[in-house]
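Engineer: Take a look at the following structure, please.
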Amino acid sequence: MRTLDTDSLERILVGAALLGTGGGGSLEKGLENVTRERKAGRPIRLADPDEVSPDTWAATPYYCGSLAPTGKTPFRSKVAPHEDRECLLAVQTLEQYLGAKMGVTVATELGGGNTAAALAVAAQLGLPALDADGAGRSVPDLQHSTYFVAGIPIAPMGIANKYGDTAIIREVADDFHAEALVRAMAVASGGHVGVADHPGKVGEIRKGLVERSLTFSERVGGAIRDKGRDVTDAVLEATEGYSLFEGIAAANCKYEDRDGFTFGEMHLRGTGPDRGARYRVWFKNENIMAWRNGKVDVTAPDLVCLLDVDTRKPVLNPWLKKGQHIAVIGLPAAAIWRTSRGVEAFGPRYFGFKVNFVPIEKRHKRPQKR
């Protein structure tokens with residue numbers, strides 16, 4: 001177990017933001033959240049799964065909602081006493097219902113905001129966070145989790161918003177129903193809610209985790225911040241990923257906020273070795289589908305990650321701007337996603353595209369290091 005300093009936290013969250021495939025919450029907000037905890041004197045600790053007793057209770061706190069700004073609050077009162085503490089309140093609500101104290105938190109996914117949420121809640125409760133997450137990337141729907149693929153129940157669930165409204169979902173028919181219920185609460189709460197779900201003993205939930213993913217994020221973030229190297233080459237080496245495309249954003253990202261999700265597309269025109277080619281990315285909160293010159297190139301569950309070459313920052317949805325110099329990097333999903341159950345839950349056909357999932361290494365024969 002180790003205590004994370006400012007530099008380690010920044011590397012973890014920057015790396016998680018890239019691996020979040022455009023989603024996972026605001027990197028800026030995530031950095032603010034963990035910085036606030038450290039300034040308050042609350043240490044942020046990271047525990048390897050092998051260091052934690054199998055009988056330790058764990059919960060997964062995160063934010064659920066749209067990536068796009070939601071505008072006006074649906075409430076008359078604008079007083080929000082639990083703003084930035086929704087996830088903590090959700091865990092406390094769950095603990096009260098279960099009559100059990102959590103011993104560790106787990107990130108629901110990799111992303112600048114939601115990875116930070118698990119770290120911040122751990123600090124607030126005086127607990128370590130587990131070096132693991134429930135997706136190995138960021139994902140749009142609640143059922144898009146490696147917990148779901150492994151058959152680990154999502155309920156009971158604690159829900160809270162910034163106004164202090166709380167709820168417990170004791171039982172739910174399945175993760176799809178949980179998604180619909182929580183998303184409706186997020187919309188009714190002005191855009192997002194804090195959630196704490198998948199409570200259980202560490203020994204019981206490990207089969208549904210992508211382990212040591214925060215350490216991996218830290219390595220990726222370190223590569224991004226290494227200004228002595230070409231950023232694309234550094235990330236490819238750190239991830240053993242694939243260079244999918246390099247180009248310029250042809251236009252600002254076009255998107256719409258619908259049913260608690262942010263949908264949109266990004267269009268790039270190639271430069272350098274990709275000059276004359278075009279690249280398109282479709283997202284539902286996260287990057288899901290990518291096409292090169294109109295032909296499917298990469299699909300979920302594999303990762304399509306956009307990086308601004310000039311600023312060395314991950315591109316988060318829906319904020320791509322015309323003229324940005326972008327490297328598109330692809331990574332294979334965690335092995336559990338590539339099972340038949342994983343592909344059924346999170347492959348292209350789930351999103352309405354009539355194509356089959358083809359692993360990235362089948363289309364890109366080897367990592368492309370320049």
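The values are calculated or read from the model by the stated rules, or taken from the named source; none is laboratory data. Note that the structure is predicted; figures quoted are calculated from it, not measured. FYI the Cβ positions are ideal-geometry reconstructions off the backbone, even for glycines, and counts take in every protein chain you see.
Engineer: Determine which single condition Gly191 fails, assuming it passes every other condition in (1) at pLDDT below 95; (2) among the small types (Gly, Ala, Ser); (3) more than 18 Å from the chain's Cα centre (by Cα).
Structural biologist: The failed condition is (3).
Engineer: Taking the condition of being within 21 Å of Trp319 (Cα to Cα), crowded, with 18+ Cβ neighbours inside 10 Å and of a type in the set (Asp, Glu), how many residues in segment 11-57 meet it?
Structural biologist: Total satisfying the criteria: 0.
Engineer: Residues that are at pLDDT 95 or above, β-branched (Val, Ile, Thr) and crowded, with 23+ Cβ neighbours inside 10 Å: find the strands (runs of 3 or more DSSP E) completely inside segment 294-370 holding 2 or more of those. Before you say what the answer is, go through the steps one by one.
Structural biologist: Working: elements: 295-299, 303-308, 325-331.
Per the criteria, 295-299, 325-331.
Engineer: Among (1) surrounded by 21 or more Cβ atoms within 10 Å (Cβ to Cβ); (2) not assigned by TED's automatic domain parsing to the domain that holds Gly15, where does Leu142 come up short?
Structural biologist: Of everything listed in (1) surrounded by 21 or more Cβ atoms within 10 Å (Cβ to Cβ); (2) not assigned by TED's automatic domain parsing to the domain that holds Gly15, Leu142 misses just condition (2).
Engineer: Something else about it: Checking the conditions here, which among Gly134, Gly99, Gly111, Gly103 is out of contact with any Asp or Glu (no Cβ under 8 Å at 6 or more places or on another chain), at pLDDT 95 or above and crowded, with 24+ Cβ neighbours inside 10 Å?
Structural biologist: Gly111
Engineer: Can you find a residue that is in contact (Cβ under 8 Å) with a residue 60 or more places away in the chain, assigned to a loop (DSSP other than H, G, I, E, B) and farther than 24 Å from Gly20 by Cα anywhere in segment 136-156?
Structural biologist: Residues of segment 136-156 in contact (Cβ under 8 Å) with a residue 60 or more places away in the chain: 136-140, 142-150, 156.
Imposing the further condition that a residue be assigned to a loop (DSSP other than H, G, I, E, B) reduces the set to 136-140, 142-145, 156.
Retained after the next criterion (residues that are farther than 24 Å from Gly20 by Cα): 156.
Yes, segment 136-156 contains a residue that is in contact (Cβ under 8 Å) with a residue 60 or more places away in the chain, assigned to a loop (DSSP other than H, G, I, E, B) and farther than 24 Å from Gly20 by Cα.
Engineer: Restricting attention to segment 228-245, report how many residues are touching a Phe, Trp or Tyr at 6+ places or on another chain (Cβ under 9 Å) and more than 22 Å from His144 (Cβ to Cβ). Walk me through it before giving the result.
Structural biologist: Taking segment 228-245 as the starting set, the residues that turn out to be touching a Phe, Trp or Tyr at 6+ places or on another chain (Cβ under 9 Å) are 236, 238-239, 244-245.
Subsequent filtering for residues that are more than 22 Å from His144 (Cβ to Cβ) retains 236, 238, 245.
Qualifying residue count, segment 228-245: 3.
Engineer: Now a separate question. Select from segment 233-255 the residues that are crowded, with 22+ Cβ neighbours inside 10 Å and among the hydroxyl-bearing types (Ser, Thr, Tyr) and write down the one among them that is farthest from Arg212 (Cα to Cα).
Structural biologist: Applying the filter and picking the extreme gives Tyr242.
Okay, residues lined up against (1) touching a helix residue (DSSP H, G or I) at 6+ places or on another chain (Cβ under 9 Å); (2) of a type outside the set (Val, Ile, Thr); (3) under 19 Å from Leu268 (Cα atoms):
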| site | (1), (2), (3) |
| --- | --- |
| Pro314 | yes, yes, yes |
| Trp319 | no, yes, yes |
| Gly323 | no, yes, yes |
| Arg338 | no, yes, no |
| Gly342 | yes, yes, no |
| Phe346 | yes, yes, no |
| Tyr350 | yes, yes, no |
| Phe357 | yes, yes, no |
| Arg363 | no, yes, no |
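Engineer: Determine which member of the set Glu211, Glu286 is within 25 Å of Asp133 (Cα to Cα), in contact with a Ser or Thr (Cβ under 6 Å, 6 or more places away or on another chain) and modelled with pLDDT of 95 or more.
Structural biologist: On the way: Glu211 fails: in contact with a Ser or Thr (Cβ under 6 Å, 6 or more places away or on another chain).
Just one listed residue meets the conditions, Glu286.
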